[in-house]
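To keep things clear, I will list the structure first and then write my remarks on it.
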Amino acid sequence: MNHDSLQATAKALIAEGKGILAADETVGTITKRFESLKINSTENSRCAYREMLFTSPGVSEFISGVIMYDETIRQTNARGVPLPEVCTRLGIIPGIKVDTGAKDLAGSPGEKITEGLDGLRDRLTAYYNMGARFAKWRAVIQISDRHPSQTCLAVNAHALGRYAALCQEQGLVPIVEPEVLMDGPHSIERCGEITGHVLHTVFNALYAQGVSLEGMLLKPNMVVSGKECTKQASVQKVAQATLQCLCRHVPAAVPGIVFLSGGQHDRLATAHLNAINILPSPKPWKISFSYGRALQDAALEAWHGDNNNIKAGQQALYQRAKCNGAASLGKYTEEMEGNASRKRMPAHRADWHDD
Ligand code: 13P
């Protein structure tokens with residue numbers, strides 16, 4: 001394991017005022033998002049959409065890296081340049097989703113285990129050779145009266161540990177993503193309790209498997225009220241509960257925490273990130289974003305499958321990236337949203353996440 005290069009990549013991914021674009025939706029998930037806007041999902045349309053995102057003029061001011069899906073990392077632009085190289089030339093680090101999805105956990109109805117460990121070492125070597133320098137693996141934890149079970153936490157944490165150790169062996173920075181879902185009527189307090197338990201279990205597994213904390217990034221959920229909870233916590237309360245949970249459970253050696261957006265409305269995800277960063281408590285890690293939907297929703301809508309709208313799509317992504325870049329520094333203001341700041345902001349988006 002080359003500690004220096006892993007640490008250098010991790011640091012570059014959380015450079016001042018920057019975060020990560022998660023554009024690693026599986027074919028199934030991106031197809032559902034396209035279809036909701038009546039966009040035809042083909043290999044070509046998916047490639048055109050991803051290329052539009054990656055080449056948004058100026059976006060590398062705020063985007064340090066992009067997470068791709070297997071199909072995307074193998075695609076090329078019209079001139080035959082592979083998309084990872086397109087990114088690298090723009091100063092954006094290519095990354096890759098390497099899990100193969102969350103499947104039903106045997107013996108534990110309603111819970112999931114993320115698969116993808118078989119043959120992972122060889123796949124990582126291949127992705128490194130295609131230009132990837134970091135990877136992502138998402139574990140999914142559901143909250144209900146009975147869930148999560150200790151089994152679900154243990155097996156998912158073990159898999160995250162195995163994945164992270166293999167990534168570091170192969171020179172890729174692992175993004176460790178244990179996502180506690182927002183689905184359900186649970187309170188913010190219950191989300192905080194479960195998120196803390198999950199993080200504790202995950203870091204135990206990373207420790208047990210010799211993962212170098214300095215050469216990884218954590219991608220957690222924020223501590224929020226369940227989507228169906230009748231009492232939605234304020235931005236300030238989310239910020240406080242999230243930071244308290246992270247301070248209790250994330251070792252200071254981890255260089256960065258990059259949140260997922262998890263189905264939050266895009267501007268709310270930005271406001272939460274900003275509120276966390278302006279809290280006065282000490283923060284031993286950089287705190288930034290690795291958003292999928294909260295960066296892409298406006299861009300996808302503006303593009304709408306029509307290449308005449310590429311400029312509008314790119315401007316929409318640039319706007320979200322800029323606002324989140326500012327939020328990663330605690331410098332975001334509503335005024336940065338321009339006209340959009342006058343629109344009412346719903347808490348959640350209509351949603352699919354099948355990965
Ligand atoms: P969202 O920000 O849309 O939750 O996506 C982040 C991600 O990478 C999920 O795996």
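The values are calculated or read from the model by the stated rules, or taken from the named source; none is laboratory data. Computed from a prediction, not measured in an experiment: that's the story for all the values here. All Cβ positions, glycine included, derive from the backbone under ideal geometry; neighbour counts span all protein chains shown. Calculation scope for accessible area: heavy atoms of the full protein, side chains included, ligands and nucleic acids excluded. Shrake-Rupley method; radii C 1.70, N 1.55, O 1.52, S 1.80 Å.
Pull up the stretch 286-304, narrow it to residues that are out of contact with any Asp or Glu (no Cβ under 9 Å at 6 or more places or on another chain) and open to solvent by less than 10 Å² (accessible area, probe 1.4 Å), then point me to the one that is farthest from Trp137 (Cα to Cα).
Trp303
Here is the figure for the stretch 193-219: residues that are charged (D, E, K, R) and either in contact (Cβ under 8 Å) with a residue 60 or more places away in the chain or within 26 Å of Thr9 (Cα to Cα) (or both) total 2. Contact annotation: residue pairs with Cβ atoms under 7 Å, 6 or more positions apart or on different chains, pairing a residue in the stretch 4-23 that is in contact (Cβ under 8 Å) with a residue 40 or more places away in the chain with a partner that is open to solvent by 40 Å² or more (accessible area, probe 1.4 Å), are Gln7/Glu214; Thr9/Arg133; Ile14/Lys286; Gly17/Leu329.
Scan the stretch 172-193 residue by residue and report those that are part of a loop (DSSP other than H, G, I, E, B) and of a type outside the set (D, E, K, R). The answer is Leu172, Leu181, Met182, Gly184, Pro185, His186, Ser187. Out of the residues in the stretch 232-262 that are open to solvent by less than 10 Å² (accessible area, probe 1.4 Å) and farther than 19 Å from Gly192 by Cα, which is nearest to the ligand (Cβ to nearest atom)? In this case the residue turns out to be Gly256. Of everything in the stretch 31-67 that is hydrophobic (A, V, I, L, M, F, W, C) and touching an Asp or Glu at 6+ places or on another chain (Cβ under 9 Å), the residue that is nearest to the ligand (Cβ to nearest atom) is Ile67.
A Cβ distance below 6 Å, combined with a sequence gap of six or more or placement on separate chains, defines the contacts here; from the stretch 260-276, residues that are without any contact (Cβ under 8 Å) to a residue 60 or more places away in the chain reach residues that are open to solvent by 10 Å² or more (accessible area, probe 1.4 Å) and within 12 Å of the ligand (Cβ to nearest atom) in the pairs Ser261/Arg293. Could you tell me whether Met222 is over 30 Å from Thr31 (Cβ atoms), of a type outside the set (Asp, Glu), touching a residue at least 12 places away in the same chain (Cβ under 8 Å) and open to solvent by less than 10 Å² (accessible area, probe 1.4 Å)? Here the answer is no, as Met222 does not meet what is asked.
Taking the numbered list (1) farther than 22 Å from Ala12 by Cβ; (2) crowded, with 22+ Cβ neighbours inside 10 Å in turn, His265 passes all entries but (2).
Looking only at residues in the stretch 74-96 that are among the small types (Gly, Ala, Ser) and more than 18 Å from Leu217 (Cβ to Cβ), the one that is surrounded by the most Cβ atoms within 10 Å (Cβ to Cβ) is Gly91. Scanning the stretch 97-126 for residues being more than 16 Å from the ligand (Cβ to nearest atom), farther than 28 Å from His186 by Cα and open to solvent by 10 Å² or more (accessible area, probe 1.4 Å) gives a total of 8. In the condition set (1) within 16 Å of the ligand (Cβ to nearest atom); (2) surrounded by fewer than 16 Cβ atoms within 10 Å (Cβ to Cβ), Ser5 is compliant with all but (1).
The rows are residues; the columns are (1) within 15 Å of the ligand (Cβ to nearest atom); (2) closer than 27 Å to Leu117 by Cβ; (3) more than 20 Å from the chain's Cα centre (by Cα).
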| site | (1), (2), (3) |
| --- | --- |
| Ile143 | no, yes, no |
| Val155 | no, yes, yes |
| Gln170 | no, yes, yes |
| Ile175 | yes, yes, no |
| Ile188 | no, no, yes |
| Leu199 | no, yes, no |
| Glu214 | no, yes, no |
| Thr230 | no, no, yes |
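Of all residues in the stretch 275-287, exactly one satisfies the criterion of being closer than 18 Å to Glu334 by Cα and within 16 Å of the ligand (Cβ to nearest atom), namely Ile276.
Residues of the stretch 305-340 being in contact with a Ser or Thr (Cβ under 7 Å, 6 or more places away or on another chain), open to solvent by less than 60 Å² (accessible area, probe 1.4 Å) and more than 16 Å from the ligand (Cβ to nearest atom), which ones?
Once the filter is applied, which keeps residues that are in contact with a Ser or Thr (Cβ under 7 Å, 6 or more places away or on another chain), open to solvent by less than 60 Å² (accessible area, probe 1.4 Å) and more than 16 Å from the ligand (Cβ to nearest atom), the stretch 305-340 yields Gly305, Gln314, Tyr332.
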